[in-house]
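Just below is one structure, and these are the notes that go with it.
The values are calculated or read from the model by the stated rules, or taken from the named source; none is laboratory data. Every value quoted in this text rests on a predicted model; they were computed, and no experiment measured them. Reconstructed Cβ throughout: ideal geometry from the backbone, glycine too, with neighbour counts over all protein chains shown.
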Ligand code: DX5
Ligand code: ZN
């Protein structure tokens with residue numbers, strides 16, 4: 001049994017409403033990670049969470065960050081993020097000419113290196129970096145926005161990735177899913193082999209219930 005990690009997508013928290021309250025509720029609910037989506041308007045068609053947001057979140061919360069870099073040429077920009085030991089940092093295989101080098105640098109910070117793949121990117125892109133990753137992030141929607149619909153073939157991709165990792169002797173590598181990780185989908189994602197869940201508008205931040213209620217409901221579905 002792999003450790004289940006819930007990683008609330010902090011881009012779903014409005015900086016104009018009550019972010020401190022949301023962070024407090026997430027902390028009380030015992031979420032394992034804080035997922036920070038960094039978008040540069042080039043690799044993805046949106047701008048989101050920059051270096052300052054990351055720095056400030058570290059200041060007000062003790063939960064390790066899970067930094068998802070959706071930026072072109074992350075290898076040139078890693079130093080901007082002041083990466084801390086124990087954090088998770090993912091870089092997209094599509095965004096860099098030097099995936100192995102970038103993952104190795106993340107390891108040098110004492111952080112957990114993760115390779116990320118868009119829905120259309122085949123798993124074979126990972127074959128030669130398996131020794132360099134602690135986890136793999138599979139996008140289950142095209143990155144850029146919250147509130148999208150799951151791309152159905154990504155469910156089978158999770159299972160294929162789990163087999164690929166296990167066959168390579170990397171049963172220890174975690175699989176994170178990101179995009180419409182809803183109450184309706186999370187069980188199938190877990191059964192396929194995912195154990196890190198980016199929880200956004202379709203689960204932890206779903207309207208009509210508190211964060212505590214949504215976290216409890218999500219964990220209950222996985223425990224059934
Ligand atoms: C982008 C984000 C989103 C999103 C997830 O990488 O991490 O995928 O906020 O939440 P949903 O899809 O549930 O709104
Ligand atoms: Zn993300």
Can we say residue 206 is more than 12 Å from ligand 1 (Cβ to nearest atom), surrounded by 15 or more Cβ atoms within 10 Å (Cβ to Cβ) and assigned to a loop (DSSP other than H, G, I, E, B)? no
Being assigned to a helix (DSSP H, G or I) and surrounded by fewer than 18 Cβ atoms within 10 Å (Cβ to Cβ) is the filter here, so list the residues in segment 1-39 that pass it. 19, 20, 21, 24, 27, 28
On the basis of being within 16 Å of ligand 2 (Cβ to nearest atom) and either modelled with pLDDT of 95 or more or over 18 Å from residue 123 (Cα atoms) (or both), does residue 136 make the cut? yes
Residue check for residue 113: within 22 Å of residue 44 (Cα to Cα) and part of a strand (DSSP E or B): yes
Here is a list of conditions, (1) farther than 20 Å from residue 116 by Cα; (2) at pLDDT 95 or above; (3) within 16 Å of ligand 1 (Cβ to nearest atom); (4) more than 17 Å from the chain's Cα centre (by Cα), and residue 26 meets all of them except one; can you say which number that is? (4)
Residue among 105, 101, 73 that alone is away from ligand 1 (no atom under 16 Å from the Cβ), free of Cβ contacts under 8 Å to residues at least 40 places away in the same chain, under 25 Å from residue 145 (Cα atoms) and in contact with a helix residue (DSSP H, G or I) (Cβ under 8 Å, 6 or more places away or on another chain): 73
Check segment 27-34 and report whether any residue there is within 13 Å of ligand 2 (Cβ to nearest atom), in contact with a strand residue (DSSP E or B) (Cβ under 6 Å, 6 or more places away or on another chain) and closer than 23 Å to residue 209 by Cβ. yes
Given the residues 142, 180, which is the only one that is part of a loop (DSSP other than H, G, I, E, B), more than 21 Å from residue 13 (Cβ to Cβ) and within 16 Å of ligand 2 (Cβ to nearest atom)? 142
With 11, 48 as the choices, which residue is without any contact (Cβ under 8 Å) to a residue 40 or more places away in the chain, within 16 Å of ligand 1 (Cβ to nearest atom) and closer than 22 Å to residue 146 by Cα? 48
Checking residue 160 against (1) at positive phi; (2) assigned to a helix (DSSP H, G or I), which single condition isn't satisfied? (1)
Among the residues of segment 145-177 satisfying the criterion of being more than 11 Å from ligand 1 (Cβ to nearest atom) and under 18 Å from residue 8 (Cα atoms), which is surrounded by the fewest Cβ atoms within 10 Å (Cβ to Cβ)? 174
Restricting attention to segment 40-66, which residues are part of a loop (DSSP other than H, G, I, E, B) and surrounded by 14 or more Cβ atoms within 10 Å (Cβ to Cβ)? 43, 44, 46, 49, 50, 61, 63, 64
Does residue 95 satisfy being surrounded by fewer than 18 Cβ atoms within 10 Å (Cβ to Cβ), within 16 Å of ligand 1 (Cβ to nearest atom) and either at pLDDT 95 or above or within 16 Å of residue 135 (Cβ to Cβ) (or both)? no
